[in-house]
1. Which one is nearest to residue 129 (Cα to Cα) among residues in the stretch 254-287 that are outside any strand (DSSP E or B) and among the small types (Gly, Ala, Ser)?
2. Taking only the stretch 1-13 into account, find how many residues are surrounded by fewer than 24 Cβ atoms within 10 Å (Cβ to Cβ) and not in a strand (DSSP E or B).
3. Do we have any residue at all in the stretch 354-365 that's outside the structural domain of residue 102 (by TED's automatic domain parsing), among the acidic types (Asp, Glu) and either part of a helix (DSSP H, G or I) or modelled with pLDDT of 95 or more (or both)?
4. State the number of residues belonging to the stretch 251-294 that are acidic (Asp, Glu) and without any contact (Cβ under 8 Å) to a residue 60 or more places away in the chain.
5. Which residue is nearest to residue 101 (Cα to Cα), if the candidates are limited to the stretch 295-353 and must be part of a loop (DSSP other than H, G, I, E, B) and among the hydrophobic types (A, V, I, L, M, F, W, C)?
6. Under 25 Å from residue 278 (Cβ atoms) and either buried (at least 23 other Cβ atoms within 10 Å of the Cβ) or not hydrophobic (A, V, I, L, M, F, W, C) (or both), is that true of residue 141?
7. Are there strands (runs of 3 or more DSSP E) fully within the stretch 163-253 with at least 1 residues that are at pLDDT 90 or above and closer than 20 Å to residue 98 by Cα? List them.
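The values are calculated or read from the model by the stated rules, or taken from the named source; none is laboratory data. None of the values given here were measured: they were computed from a predicted structure. All Cβ positions, even for glycine, are placed from backbone atoms using ideal geometry, and neighbour counts span all protein chains on display.
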Amino acid sequence: MSAVRIGVIGVGFGARVHIPAYQSEGLDVVAVCTRHEETARAAAERFGIPNVFTGHEAMLAMDGLDAVAVVGPRELHHPMAMAALAAGKHVICEKPFTTELHHARDLWRKAEATGLTAMVAHEFRFASARARVRELVAEGYVGSLHMVRAWLVRDGKVKSRGQPYDYGSDDAKGGAGLLWSQGSHYVDCLLHWFGEVSEVSGDVFTHVAERTDPRTGEVVAATADDAFGLTLRFATGGWAHLTGSYASIAGSGSGFEVYGSEGTLVTPQAAGSPNPPAHGTLLGAKAGAKELEELPVPERLAPFTDERDDRLMPMRLLVREFLRGIETGTSPSPSFRDGYRVQQVLHAVRESSATGRTVKIPPEE
C-alpha cells in the first residue's frame with residue numbers, strides 16, 4: 001500500500017504526538033491546519049509539511065488527501081470529522097469524541113454508512129500493561145468479575161483562584177473538565193476490558209471555581225469539573241468505581257485494581273502522570289496466593305521505546321491499527337462506535353450528578 005497522505009487539524013497535541021506518530025509509521029503528513037497561520041507555518045516548518053491551512057474546509061478540498069486527524073477544539077470535533085467523512089477521508093478523532101451525545105451517534109452512523117476507517121484516539125488501550133490486562137481478562141485470569149477500583153488523584157493541575165477565565169479549560173459545555181479529558185480514557189479502558197455498561201451513577205465537582213474575566217476583571221465561575229466519582233455496572237456482571245481529582249494535595253497517583261472470582265490484576269502508575277506508562281508494570285494473584293506478584297508483559301505488547309514522548313509508543317500502535325483498517329476496509333477498535341459508547345457514559349455521569357438518579361444505558365441501537 002502506498003503511503004497514506006494525512007492532514008492534521010490542530011498543532012498543539014497534534015504536534016507533540018500525532019504528527020510524530022504518523023511520520024514514524026510511514027504516513028505522509030501533507031497538510032496542517034489551525035486558525036492561526038503563524039502557528040500552522042511553524043509546525044509545517046518543524047516537520048517538513050508542504051501545505052498550510054487556516055480552515056479545515058480548504059484543507060479537505062486539496063488534491064491528494066486520504067485521511068484527516070481531528071485534534072482541534074473539542075466542540076469542533078463533530079463538524080470537522082463529519083466534513084472529513086463527507087469528503088471521503090479516513091478519520092482519527094481526538095477525545096473527548098464530541099460535546100453532544102447525538103453528535104457522537106451521528107458520527108458513528110456516518111462512518112458506518114461511508115465504510116471509511118474511523119477511529120478515536122484512545123491510544124492508552126495500547127499501553128503495554130493495560131493491553132496485557134485485556135488479554136488476561138479474556139483468558140479467564142480473574143474469573144467472573146466482582147469489582148474494579150480505578151483512581152486518578154493528582155495535585156498541581158487546578159488553576160489558582162482568580163486566574164483568568166479560559167473557555168477551553170473552564171467551560172463544561174465546551175467539553176472541558178477532568179471527567180472528559182482524562183476520565184474518557186479510563187472509561188474507554190473499562191469498556192474495552194469488560195464490555196457494555198448497563199447503568200451509571202456519579203457526581204462531578206468544581207472545588208476551585210473562581211476565575212477573573214480578563215475583559216472586566218470581575219469574578220466569574222468556571223463550570224468545568226476538577227473532580228468526579230462514578231460507578232458503572234457492566235451488562236455481563238460486576239461493577240467498577242472510578243474516582244478522579246485534580247484538586248488534591250499530594251495526590252497518590254492513578255491505576256486500576258481488578259478483582260474477580262479467580263484472581264486479581266493491578267496496574268500501578270506513578271503519582272506524577274495521569275497516563276499509563278508505555279512500558280508498564282502489572283501485578284497479579286490467583287486464588288490461594290498470599291500476595292501480589294509482578295506478571296511478565298510480553299515484548300510484543302511493548303515492541304519499542306520512543307524517547308521523544310512516552311505517549312508515542314501506544315499512539316504509534318494505534319496508528320498501525322488505523323493503517324490496517326484502511327487496508328482492509330474496516331474501522332478497528334477504538335472505532336467511532338466505541339467513541340459513542342464512551343460518550344454515553346460520560347453524559348450519564350453528568351446527568352446523574354444533576355438529578356441524583358442512576359442512569360440506564362440502553363443496549364446498542
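1. 280
2. Selection size over the stretch 1-13: 6.
3. no
4. Total meeting the criteria: 3.
5. 302
6. Working: under 25 Å from residue 278 (Cβ atoms): yes; either buried (at least 23 other Cβ atoms within 10 Å of the Cβ) or not hydrophobic (A, V, I, L, M, F, W, C) (or both): yes.
In short, yes.
7. On the way: elements: 197-205, 210-212, 219-221, 227-234, 239-245.
Result: 197-205, 227-234.
Results for (1) touching a strand residue (DSSP E or B) at 6+ places or on another chain (Cβ under 8 Å); (2) at pLDDT 95 or above; (3) farther than 22 Å from residue 106 by Cβ; (4) surrounded by fewer than 20 Cβ atoms within 10 Å (Cβ to Cβ), shown as yes or no for each residue.
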{"position": "300", "(1), (2), (3), (4)": "no, yes, yes, yes"}
{"position": "311", "(1), (2), (3), (4)": "no, yes, yes, no"}
{"position": "316", "(1), (2), (3), (4)": "no, yes, yes, no"}
{"position": "323", "(1), (2), (3), (4)": "no, yes, yes, no"}
{"position": "330", "(1), (2), (3), (4)": "no, yes, no, yes"}
{"position": "341", "(1), (2), (3), (4)": "yes, yes, no, no"}
{"position": "346", "(1), (2), (3), (4)": "no, yes, no, no"}
